[in-house]
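J.: Right, I'll just put the structure down here and ask away after.
The values are calculated or read from the model by the stated rules, or taken from the named source; none is laboratory data. Treat the numbers as computed from the prediction; the structure is a model and nothing was measured. No Cβ is skipped: glycine too gets one built from the backbone with ideal geometry, and neighbour counts run over all protein chains shown.
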Protein chains: 2
Amino acid sequence: MAEISASAVRKLREQTGIGLMACKKALQETDGDIEKAVDFLRKQGMAAVEKRAGRDALEGLVTSYIHPGNRLGVLLEVNCETDFVARTDDFQQFAKDVAMHIAAEQPKAVDRESVDSSIIDHEREIYLEQAKNEGKPENIAEKIVTGRIEKFFQENCLLEQPFVKNSDQSIEDLVTELTSKVGEKITISRFSVFRLGEAS
Amino acid sequence: MAEISASAVRKLREQTGIGLMACKKALQETDGDIEKAVDFLRKQGMAAVEKRAGRDALEGLVTSYIHPGNRLGVLLEVNCETDFVARTDDFQQFAKDVAMHIAAEQPKAVDRESVDSSIIDHEREIYLEQAKNEGKPENIAEKIVTGRIEKFFQENCLLEQPFVKNSDQSIEDLVTELTSKVGEKITISRFSVFRLGEAS
């Protein structure tokens, strides 16, 4: 499989508003060619892709989900491009679903880029120690660590998590689906999770 | 007025659960004597003080306030000692009031101790430059900066802000009042404010 540079992925994301993993996959399919990757995404039914280039997602909603009992709460910002879309049932349902998903799964960040690097350093250290304690030689240990970090990202990045209401879809799939449906760039920009008594 | 050490204030706060400014004032009244300061607080009608020493406020509520229009939201954790108190109307109204106050006033932190020091450094630099540009001599400039930092704290620390629904009371007064009423340590432990489009 072709090695895809982070900058190509970023460029494609900016141009299309499509999520990280979908962009990466599109680039892998097209050997890293951004123009072809846009076509690839369009062919996949993401018809809205071309129209979105360069536009910002600055409208949207701030919403919350408070779990019954008031011991767990989520604050969430989701964005689209126009107030019109923000008011649609589809967008409001999306915001509601994502907030509830976050409460259930408690991801650490929206995507890989926004995971605090100190968290990764900390995890890497633990995994490396684990591999060493299992008596693995260094080159094997490195591979194990890489694999575990990959798994950590998959489990802790919101966009990569399977949606709690339908585990066949990732949250990123949900974003992509809505993007296609409403024809606007949709992003999940940030969230906070408070669990009672866990304040730092 | 007596110089009160930060550690004495912290100790008194831990012992009593009373807010920063009230503890500082009590210590100033008693020349820094913690035992006497506890008595001073009790005399002021904070009858619950003695009962709270050493107990943690680990029950409470996570609640939110979403301003109509969904462009501004607040997530808040307030704590008390028992689930019983957390369920009372008084405590729930308190949580609701504080969340709404935060949405209206957008404080930067709960109290002085939790203001990020980089924010203060940044403000100090600006104030110092301002004072210099006004042609003040260095010793005067320092005093001006100290005064402006004090004002910055007063304006940006939740506990020191006048309560939006009754500006005769600070939020700290509200906490103290509820503490006395329910006989448990009450704390505001953390909050998040999201304003649409302001994600960093």
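J.: Return the residues of the stretch A:158-200 that are assigned to a strand (DSSP E or B) and under 19 Å from residue A:14 (Cα atoms); say none if nothing qualifies. Explain how you work it out, then say what you get.
T.: In the first step, residues of the stretch A:158-200 are kept if they are assigned to a strand (DSSP E or B); the result is A:162-163, A:166-170, A:187-195.
A:187, A:188, A:189, A:190, listed by residue number.
J.: Which condition from (1) touching a strand residue (DSSP E or B) at 6+ places or on another chain (Cβ under 6 Å); (2) touching a residue at least 60 places away in the same chain (Cβ under 8 Å) is the one that residue A:115 breaks?
T.: Unmet for residue A:115, out of (1) touching a strand residue (DSSP E or B) at 6+ places or on another chain (Cβ under 6 Å); (2) touching a residue at least 60 places away in the same chain (Cβ under 8 Å): (2).
J.: Please enumerate the residues belonging to the stretch A:139-172 that are of a type in the set (Asp, Glu) and touching a residue at least 60 places away in the same chain (Cβ under 8 Å). It would help to see each step written out before you state the result.
T.: We begin by selecting, within the stretch A:139-172, every residue of a type in the set (Asp, Glu); these are A:142, A:150, A:155, A:160, A:168, A:172.
Hits for the stretch A:139-172 are A:160, A:172.
J.: Which number in (1) in contact with a strand residue (DSSP E or B) (Cβ under 8 Å, 6 or more places away or on another chain); (2) at pLDDT 95 or above marks the one condition that residue B:108 misses?
T.: Answer for residue B:108: the failing condition is (2).
J.: State all residues of the stretch A:91-131 that are over 21 Å from residue B:199 (Cα atoms), acidic (Asp, Glu) and surrounded by fewer than 15 Cβ atoms within 10 Å (Cβ to Cβ); if no residue qualifies, say none.
T.: A:121, A:125, A:129
J.: Looking at the stretch A:164-175, is at least one residue over 20 Å from residue A:114 (Cβ atoms), among the hydrophobic types (A, V, I, L, M, F, W, C) and in contact with a helix residue (DSSP H, G or I) (Cβ under 6 Å, 6 or more places away or on another chain)?
T.: To start, the set of residues in the stretch A:164-175 that are over 20 Å from residue A:114 (Cβ atoms) comprises A:164-169.
Subset that is among the hydrophobic types (A, V, I, L, M, F, W, C): A:164.
Filter once more, keeping what is in contact with a helix residue (DSSP H, G or I) (Cβ under 6 Å, 6 or more places away or on another chain): A:164.
Yes, the conditions are met somewhere in the stretch A:164-175.
J.: Going through the stretch B:1-15 one residue at a time, which ones are at pLDDT 80 or above, buried (at least 16 other Cβ atoms within 10 Å of the Cβ) and not small (Gly, Ala, Ser)?
T.: B:4, B:9, B:12, B:13
J.: Can you go through A:44, A:28 and tell me which one is modelled with pLDDT under 80 and either under 19 Å from the mean Cα position of the chain (by Cα) or within 16 Å of residue A:180 (Cα to Cα) (or both)? If you could, list the steps in order and put the result at the bottom.
T.: Working: A:28 fails: modelled with pLDDT under 80.
The unique qualifying residue is A:44.
J.: Which of the residues that make up the stretch B:177-200 are more than 10 Å from every other protein chain (Cβ to nearest Cβ), surrounded by fewer than 20 Cβ atoms within 10 Å (Cβ to Cβ) and basic (Lys, Arg)?
T.: B:181
J.: Which ranges mark the helices (runs of 4 or more DSSP H) fully within the stretch B:53-147 that have 2 or more residues being under 26 Å from residue B:177 (Cβ atoms), within 14 Å of another protein chain (Cβ to nearest Cβ) and over 18 Å from the mean Cα position of the chain (by Cα)? Talk me through it step by step, then tell me what you get.
T.: Numbers: elements: B:83-86, B:89-105, B:117-133.
Passing ranges, in order: B:83-86, B:89-105.
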